[in-house]
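The values are calculated or read from the model by the stated rules, or taken from the named source; none is laboratory data. Nothing here was measured: the structure is a model prediction, and the numbers come from that model. Every residue, glycine among them, receives a Cβ derived from its backbone with ideal geometry; neighbour counts consider all protein chains shown. Ligands, DNA and RNA are stripped out before the accessible areas are found, and what is left, the full protein with its side chains, is counted by its heavy atoms. Shrake-Rupley method; radii C 1.70, N 1.55, O 1.52, S 1.80 Å.
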Amino acid sequence: MTFFFCYLYQFIYIVIPFIKKERPAPSGGRNRVAVLISARNEATVIKNLLDSIKAQTYPAELIDVYVVADNCTDSTAEIAKSCGVNVYKRFDDINIGKGYALDFLIRRIREKKGENYYDSYLVLDADNVLDTRYIEEMNNTFCDGYEILTSYRNSKNYGDNWITAGYGLWFLRETKYLNYPRHLLGASCAISGTGFMFGKRVAKELGGWGYYLLTEDIEFTVDHVISGYKIGLARKAILFDEQPSTFSQSVRQRMRWAKGYFQVMCHYGKRLLGAVTEKGSYSCLDMALNIMPAMVLSFAMVVINVTALITGLLVGEPVMPVLVSAGEGVRSMYMTLLIIGGITTITEWKNIYASPLKKIFYTFTFPLFMMTYVPITIAALFKNVEWKPIVHTEAKSLGEITSEI
């Protein structure tokens with residue numbers, strides 16, 4: 001029950017989109033956009049992303065695309081060049097990771113164009129594919145006064161298996177029932193890996209990028225929320241992202257995320273909680289709750305039950321009550337996650353590109369996927385985790401993605 005009550009406020013979030021109307025974002029403003037893509041051995045998928053950028057409804061003359069081919073050993077750079085975009089090659093076997101690649105790329109752009117040439121910077125991953133109105137919708141929300149904003153993250157391969165569906169349902173839920181309610185309430189949204197934009201004032205303050213923890217997106221989010229920025233949501237800007245399809249890849253990626261959350265709290269936790277107590281910042285409180293409690297509660301639940309079980313065995317006390325308590329905790333977690341997943345599946349049904357049977361079946365496997373975070377989180381606490389690339393193989397166009405049923 002502790003797990004449920006800690007996340008009660010997120011259940012309240014679920015109600016917000018049904019009772020509060022979104023104010024339409026203004027349209028008509030035209031800003032010059034630099035698209036930033038960090039790519040490491042993405043020859044299989046990068047052309048689909050670049051083709052989807054070319055197909056945007058937003059004026060092509062206001063979009064410049066920059067790709068950093070980061071430690072590539074394949075033809076990523078050559079494919080990107082053949083698509084007519086700006087390409088920089090980076091080779092560094094010490095400073096490894098997306099944060100370093102973005103810093104390298106932004107500094108090269110500033111050297112070439114200066115700090116005032118672009119009004120906004122859009123960060124994408126090489127495996128993404130964009131809806132045709134994506135940049136149009138991002139720009140509209142940017143024109144509404146948000147200097148940092150994120151978008152609607154959908155999946156290229158939702159229906160592959162229970163792992164890709166687990167990721168996909170989580171990201172749909174994150175947009176609809178976390179970031180959207182925050183946006184409606186005037187709180188700050190959270191950036192999730194890819195599909196986010198920031199303005200030139202933010203770029204000037206950064207100088208380059210400067211976020212190198214294992215979860216550079218959460219680090220960027222927390223730092224700017226503490227500084228008073230309000231991160232908005234362009235809900236109609238739809239991006240499709242490839243999810244890992246094997247359990248080993250998924251464990252590796254989510255262990256990095258879990259370790260990254262710990263790193264962010266170690267580096268920013270004091271300032272984050274200070275902004276809550278000193279400034280009364282709800283956004284900072286929301287970020288603190290969003291980053292840590294599930295991990296802390298899950299870890300605590302395992303430690304308490306294992307300790308009680310071992311103690312009972314040593315002193316000869318009955319262990320059945322401990323096992324019953326542990327089972328009740330697991331059941332409570334499963335039902336909480338099933339409710340969250342079920343509501344998301346029902347309300348986002350049309351945006352899930354998989355067969356009806358898979359949509360239903362994967363709703364019931366969603367809690368199992370999320371519960372595997374428990375051992376992953378525990379392992380991440382003690383394991384030395386390093387950034388490693390995820391192999392992307394889903395070379396799909398927008399039409400191929402949306403035609404899957």
Q: Could you pull out the residue among ALA126, ALA101 that is touching an Asp or Glu at 6+ places or on another chain (Cβ under 7 Å), at pLDDT 95 or above and over 18 Å from ILE53 (Cβ atoms)?
A: ALA101
**Q.** MET197, sole failed condition from (1) in contact with a helix residue (DSSP H, G or I) (Cβ under 6 Å, 6 or more places away or on another chain); (2) surrounded by fewer than 24 Cβ atoms within 10 Å (Cβ to Cβ); (3) modelled with pLDDT of 95 or more
**A.** (2)
**Q.** Residues of the stretch 234-264 satisfying the condition of being charged (D, E, K, R), open to solvent by less than 10 Å² (accessible area, probe 1.4 Å) and at pLDDT below 95
**A.** ARG254
Q: Might you check whether a residue that is of a type in the set (Lys, Arg), more than 18 Å from GLU174 (Cβ to Cβ), free of Cβ contacts under 8 Å to residues at least 60 places away in the same chain and open to solvent by 30 Å² or more (accessible area, probe 1.4 Å) occurs anywhere in the stretch 355-374?
A: no
Q: Evaluate the stretch 341-348: report whether one residue or more is open to solvent by 70 Å² or more (accessible area, probe 1.4 Å), touching a residue at least 40 places away in the same chain (Cβ under 8 Å) and under 23 Å from the mean Cα position of the chain (by Cα).
A: no
Q. Which of the residues that make up the stretch 324-351 are modelled with pLDDT of 85 or more and either of a type in the set (D, E, K, R) or in contact with a strand residue (DSSP E or B) (Cβ under 8 Å, 6 or more places away or on another chain) (or both)?
A. GLU348, LYS350, ASN351
Q.
Conditions first: (1) over 18 Å from ILE291 (Cα atoms); (2) in contact (Cβ under 8 Å) with a residue 60 or more places away in the chain. TYR212 passes all but one, so which condition is the exception?
A. (1)
(Q) I'd like the full set of residues that are over 23 Å from TYR212 (Cα atoms), β-branched (Val, Ile, Thr) and either in a helix (DSSP H, G or I) or within 23 Å of the chain's Cα centre (by Cα) (or both), limited to the stretch 35-64. (A) THR44, VAL45, ILE46, ILE53
Q. Pairs, please: C-beta under 6 Å, at least 6 apart or cross-chain, first residue under 16 Å from VAL123 (Cα atoms) and touching a residue at least 60 places away in the same chain (Cβ under 8 Å) and in the stretch 87-107, second of a type in the set (Gly, Ala, Ser) and open to solvent by less than 40 Å² (accessible area, probe 1.4 Å)?
A. LYS98/SER38; ALA101/SER38; LEU102/SER38; ASP103/GLY208; ILE106/GLY208; ARG107/GLY208
Q. Counting residues that are over 23 Å from PHE262 (Cα atoms), which helices (runs of 4 or more DSSP H) fully inside the stretch 150-233 reach at least 3?
A. 162-174, 180-185, 200-206
Q: Would you confirm whether any residue within the stretch 162-179 is within 18 Å of ASN139 (Cβ to Cβ), among the aliphatic types (A, V, I, L, M) and in contact (Cβ under 8 Å) with a residue 12 or more places away in the chain?
A: no
(Q) I need the full set of residues from the stretch 59-78 which are farther than 18 Å from GLY207 by Cα and either open to solvent by less than 40 Å² (accessible area, probe 1.4 Å) or in contact (Cβ under 8 Å) with a residue 40 or more places away in the chain (or both), in order please. (A) PRO59, LEU62, ILE63, ASP64, VAL65, VAL67, ALA69, ASP70, ASN71, CYS72, THR76, ALA77
Q: Give the number of residues within the stretch 327-340 that are among the β-branched types (Val, Ile, Thr) and open to solvent by less than 30 Å² (accessible area, probe 1.4 Å).
A: 2
Q: Could you check how many residues of the stretch 161-191 are touching a Phe, Trp or Tyr at 6+ places or on another chain (Cβ under 7 Å) and closer than 20 Å to LEU337 by Cα?
A: 11
Q: Assess whether LYS81 counts as being open to solvent by 70 Å² or more (accessible area, probe 1.4 Å), over 30 Å from TYR177 (Cα atoms) and out of contact with any Leu (no Cβ under 7 Å at 6 or more places or on another chain).
A: yes
Q. Are any residues in the stretch 110-167 among the hydroxyl-bearing types (Ser, Thr, Tyr) and open to solvent by 40 Å² or more (accessible area, probe 1.4 Å), and if so, which ones?
A. TYR117, THR132
Q: Considering each of LEU184, LEU178, LEU172, LEU149 in turn, give the residue that is under 15 Å from the mean Cα position of the chain (by Cα) and over 20 Å from ARG254 (Cα atoms).
A: LEU149
Q. Do we find that THR141 is more than 27 Å from LEU398 (Cα to Cα) and hydroxyl-bearing (Ser, Thr, Tyr) in this structure?
A. no
